[in-house]
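Have a look at the structure below, then the notes.
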Amino acid sequence: MPARLPSWAWVSGLTVGAIAAVTVLAVQADQGPHPTAAATKPKPSASADAHPTPKETAPAPVPEGSGTGRRVVYSVGQDRVWLVDASDTTRRSFKVWPGSVDPDPGKYSVGTRRQDPTTGSDGVRIEQIMYFTQEDGVWVAFSNAVDGSSPPPPADAAKTGGIRLPKADGDALWEFGTSGTTVTVVA
């Protein structure tokens, strides 16, 4: 009668065999064809957005003549805001959506701040409102939509002074622009 192998021997033998098979398959796969870098580059899909949001590769320089020291700089011509610290270093810069009434170039200060949501003149729920001047009888202020959306086009002849920011930028400006912070408006 042949000797019977213990069950652990069977398990060990099967494990060694499986490891050997995997090793052979790995060596064969390593020797197969390798795609070139061009072949592995992702191809644009048909569902890709035809007009993607541009990504900034370098911060836009603070406009000449915007002053010195800690300030918020708003360029009417560039539709852009800079948050500049006391050492004249730009901490953040971002594009904005202006209202239909532009503030005149000059130096202002953040006055009233309102964090709680309210309805803007365009009918959109806005928050983190920072008023800094009046122009043509319209208050001019920074704000962001509660839902993060961009503002709709103003209705015919509507005077809106809201400078709308993307949500994350609105949060950053709210933290930076305390009451009394200088706001410099440039052309």
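The values are calculated or read from the model by the stated rules, or taken from the named source; none is laboratory data. From a predicted model like this one, the values you see are computed outputs, not experimental measurements. Every residue, glycine as well, gets a Cβ built from its backbone with ideal geometry; the counts of neighbours run over all protein chains shown. For the accessible areas, the whole protein counts, side chains as well, though only heavy atoms, and no ligand, DNA or RNA atoms are used. Shrake-Rupley method; radii C 1.70, N 1.55, O 1.52, S 1.80 Å.
Candidates in the stretch 135-151 are the residues that are more than 19 Å from GLN78 (Cα to Cα) and of a type outside the set (D, E, K, R); of these, the one that is nearest to the chain's Cα centre (by Cα) is GLY148.
Table: residues versus (1) surrounded by fewer than 22 Cβ atoms within 10 Å (Cβ to Cβ); (2) in a strand (DSSP E or B).
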| position | (1), (2) |
| --- | --- |
| VAL140 | no, yes |
| SER143 | no, yes |
| GLY148 | yes, no |
| PRO153 | yes, no |
| LYS159 | yes, no |
| LEU173 | no, no |
| SER179 | yes, no |
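For the stretch 78-94, state whether one or more residues are touching a residue at least 60 places away in the same chain (Cβ under 8 Å), part of a strand (DSSP E or B) and open to solvent by 10 Å² or more (accessible area, probe 1.4 Å). Within the stretch 78-94 (the criterion being touching a residue at least 60 places away in the same chain (Cβ under 8 Å), part of a strand (DSSP E or B) and open to solvent by 10 Å² or more (accessible area, probe 1.4 Å)), the answer is yes, since at least one residue qualifies.
Restricting the stretch 113-126 to residues that are in a strand (DSSP E or B) and in contact with a Ser or Thr (Cβ under 7 Å, 6 or more places away or on another chain), which is least open to solvent (accessible area, probe 1.4 Å)? Step through it out loud before you land on a result.
Keep residues of the stretch 113-126 that are in a strand (DSSP E or B), which gives 113-114, 118-119, 125-126.
Subsequent filtering for residues that are in contact with a Ser or Thr (Cβ under 7 Å, 6 or more places away or on another chain) retains 113, 125-126.
Values: ARG113: 70, ARG125: 122, ILE126: 16 Å².
Within the stretch 113-126, the match that is least open to solvent (accessible area, probe 1.4 Å) is ILE126.
Take the stretch 98-112 and flag every residue that is within 17 Å of MET130 (Cβ to Cβ), surrounded by 17 or more Cβ atoms within 10 Å (Cβ to Cβ) and not acidic (Asp, Glu). PRO98, GLY99, VAL101, PRO103, TYR108, VAL110 - these are the residues of the stretch 98-112 that are within 17 Å of MET130 (Cβ to Cβ), surrounded by 17 or more Cβ atoms within 10 Å (Cβ to Cβ) and not acidic (Asp, Glu).
Confirm whether TRP174 is farther than 27 Å from THR68 by Cβ and not aliphatic (A, V, I, L, M). No: the conditions fail for TRP174.
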